[in-house]
1. Which numbered condition trips up S102, out of (1) within 21 Å of I285 (Cβ to Cβ); (2) buried (at least 20 other Cβ atoms within 10 Å of the Cβ)?
2. Would you point out which residue out of E235, E204, E188 is away from the ligand (no atom under 13 Å from the Cβ) and part of a helix (DSSP H, G or I)?
3. State whether one or more residues within the stretch 210-224 are more than 8 Å from the ligand (Cβ to nearest atom), open to solvent by 10 Å² or more (accessible area, probe 1.4 Å) and assigned to a helix (DSSP H, G or I).
4. Just give me the residues in the stretch 204-229 being under 21 Å from G251 (Cα atoms) and in contact with a strand residue (DSSP E or B) (Cβ under 7 Å, 6 or more places away or on another chain), in sequence order.
5. Which residues, taken from the stretch 167-185, are touching a residue at least 40 places away in the same chain (Cβ under 8 Å), open to solvent by 30 Å² or more (accessible area, probe 1.4 Å) and within 16 Å of the ligand (Cβ to nearest atom)?
6. Give me a count of the residues in the stretch 1-29 that are open to solvent by 40 Å² or more (accessible area, probe 1.4 Å) and farther than 20 Å from L74 by Cβ.
7. Which residues, taken from the stretch 240-254, are surrounded by fewer than 20 Cβ atoms within 10 Å (Cβ to Cβ), under 17 Å from H275 (Cβ atoms) and either in contact with a Phe, Trp or Tyr (Cβ under 8 Å, 6 or more places away or on another chain) or hydrophobic (A, V, I, L, M, F, W, C) (or both)?
8. For the stretch 108-147, which residues satisfy the criterion of being over 25 Å from N185 (Cα atoms) and in contact (Cβ under 8 Å) with a residue 40 or more places away in the chain?
Amino acid sequence: MGKIAVVGSNMVDLITYTARMPGPGETIEAPRFEMGCGGKGANQAIAAARLGAEVMMVTKVGDDIFADNTIRNLKESGIDTRYVERVPGTSSGVAPIFVEPSGENSILIIKGANALLSPADIDRAAEDLKGCDLIVMQLEVPLETIYHTIAFGARHGIETLLNPAPAPTDLDPKRIEQVTFLVPNQTELATISGLPVNSEAEAETAARALIGRGIRTVIVTLGARGALLVSKGEETRRIEPVRVTPVDTTGAGDAFIGSFARYYVENRDLDAALHKAVRYAADSITRPGTQKSYASREAFEAFCA
Ligand code: ADP
């Protein structure tokens, strides 16, 4: 079936539901609290694993209870956690989120141990990474580590996918040229290309500009409008969306990437994998939550039938 490595982040969401945000120096009581596993890397790994992929994750956690929670969560989905390293004296990645009755979210992100994932960590995992068919990355870990991983993939003939999220302001286009797939959403594409991306036509122009700078294949996710596949020397292909009634769109991009990776490594059929990915992401937004909303393989097959 093919093996996927995710080199990326993990976070624990600490969600407080409150009537309002406290003012400076004020203490107020909030009615409800919830914890959830997140981080773009972990989300993508979980989506791929739920669909039956063999997945290993290369990431770092702190030495706190959030680390235990993250490792248990990954293991429960059958993800190989041998390269999930605990860093003494550091906090795990956490995201305190405050949700007000209007639905307005205020979010703080503490990267914690994610900020310490280094090129040396990639080298330590090298032998196992060489056994993978696709390495999937995002940008919640240091850029140097991402550049190093892309170069590693190119050197060893392993395909790589970069989801440039959150939208980077200091990405060096030269150092991501060798990536096999660049998968931005519209905001990320606009930031990287420096061009406006408010329509499908503008998305295509911006993706073509990146191809002009050396990237081979850009897959742009377009929210409710599906996705675009823009490859060097080929005509642009549009992947039609699936109509659903959205309940919660958080984590749709991660569902798209995890499922794309899962179906792509099966037999390297790009069109078939994109067709599945728009369906998996659409299905995920019909339920609340991020990882909680990712369907199992059986449930997804039923959705597609
Ligand atoms: P992100 O979550 O990173 O902002 P997008 O909004 O582009 O990314 O969504 C990723 C994918 O999720 C889209 O390509 C599409 O397949 C699916 N999707 C997102 N929103 C909708 C929607 N309202 N209806 C149907 N599919 C959607």
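The values are calculated or read from the model by the stated rules, or taken from the named source; none is laboratory data. Just so you know, these numbers come straight off a predicted model, no measurement behind them. Positions of Cβ are generated from backbone atoms using ideal geometry, with glycine treated the same way; all protein chains shown enter the neighbour counts. The accessibility values were calculated without ligands, DNA or RNA, using every heavy atom of the protein model including side chains. Shrake-Rupley method; radii C 1.70, N 1.55, O 1.52, S 1.80 Å.
1. Every listed condition holds for S102 apart from (2).
2. Details: E235 fails: part of a helix (DSSP H, G or I); E188 fails: away from the ligand (no atom under 13 Å from the Cβ).
Just one listed residue meets the conditions, E204.
3. Yes, the stretch 210-224 contains at least one residue that is more than 8 Å from the ligand (Cβ to nearest atom), open to solvent by 10 Å² or more (accessible area, probe 1.4 Å) and assigned to a helix (DSSP H, G or I).
4. Our first condition is that a residue be under 21 Å from G251 (Cα atoms); within the stretch 204-229, this holds for 218-229.
Of everything in the stretch 204-229, those that are under 21 Å from G251 (Cα atoms) and in contact with a strand residue (DSSP E or B) (Cβ under 7 Å, 6 or more places away or on another chain) turn out to be V218, I219, V220, T221, L222, G226, A227, L228, L229.
5. N185
6. Here is the first cut: in the stretch 1-29, the residues open to solvent by 40 Å² or more (accessible area, probe 1.4 Å) are 1, 17, 19-22, 24-29.
Remaining after also requiring farther than 20 Å from L74 by Cβ: 17, 19-22, 24-29.
Residues in the stretch 1-29 being open to solvent by 40 Å² or more (accessible area, probe 1.4 Å) and farther than 20 Å from L74 by Cβ: 11 in total.
7. Matches in the stretch 240-254: V242, V244.
8. Taking the stretch 108-147 and keeping what is over 25 Å from N185 (Cα atoms), we get 112-113, 116, 118-132.
Residues satisfying the conditions are G112, A113, L116, D121, I122, R124, A125, D128, L129, G131, C132.
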